[in-house]
Amino acid sequence: PPNITTIPLGCFGGCNDVTTVDIPEGVTEINSSAFDGLTKLKSLTLPQSLTRINDGGAFCCGWDDDNYYYNEVTIPSGVTYIGDRAFNSTHIRIFHIKSTTPPTINDINNTLSTFNSYHTGAESMIIYVPCESFEDYWNDSHWGVYHNYLRPESGECEPLYSYQEITKDDTQDW
């Protein structure tokens, strides 16, 4: 519908044949379980207008074991809040967070539940953040549980602490 600003609770939940989701510009908020159960999702485009991805598994897709095509997502620079379990139980391995100010994340009990991959949990996850903001993410209390997964997106910045270098090519076997 024209002029939509919010994707409602469970809006596309269980739409098992959907393979591509292009959320239109103007949408500012995605509610819980909005895309729950999209087992064949291969492409997701989030709009620059997006500011909130709410708690409760907005993208908890529970994908089938044969669908490994969709393992990367870009979170636009305007997003200021990412809720608990927003990307829980997905095959997403690589997150590109474009905001230079770390978004508030509601990671209940610091259990890595906001970003958590379906098969391997967080151990194979990479969260790229803007190089110039790497230190801000590193020092932000909300992002502390993700230290092992934070990487500078690009540029000539040196991370504060060492980490195991994982490249996009390394994700091919996941």
| Gained length - residue 104 relative to residue 43, 0.36 nm times residue gap less alpha-carbon distance | 19.5 nm
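For a Förster distance of 25 Å, can you work out the FRET efficiency between the beta-carbons of residue 4 and residue 72, rounded to the nearest 0.05?
Efficiency, from the Cβ-Cβ distance: 0.50.
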| request: For a quick protection proxy, order the peptides 125-138, 43-56 by their average other-Cβ count within 10 Å, most packed first. | output: 125-138, 43-56
| remark: Quick calc: nm separation of the 7 Å Cα→Cβ label points for residue 81 and residue 142 -> 0.9 nm
| So how do 10-20, 144-154, 76-86 stack up, highest first, on mean other-Cβ count within 10 Å? | 76-86, 144-154, 10-20
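The numbers here are math on the coordinates, done by the rules we state, and not lab data. Quantities reported herein were computed from a predicted structural model and do not represent experimental measurements. Methodologically, a virtual Cβ is constructed for each residue, glycine included, from the backbone with ideal geometry; neighbour enumeration extends over all protein chains shown.
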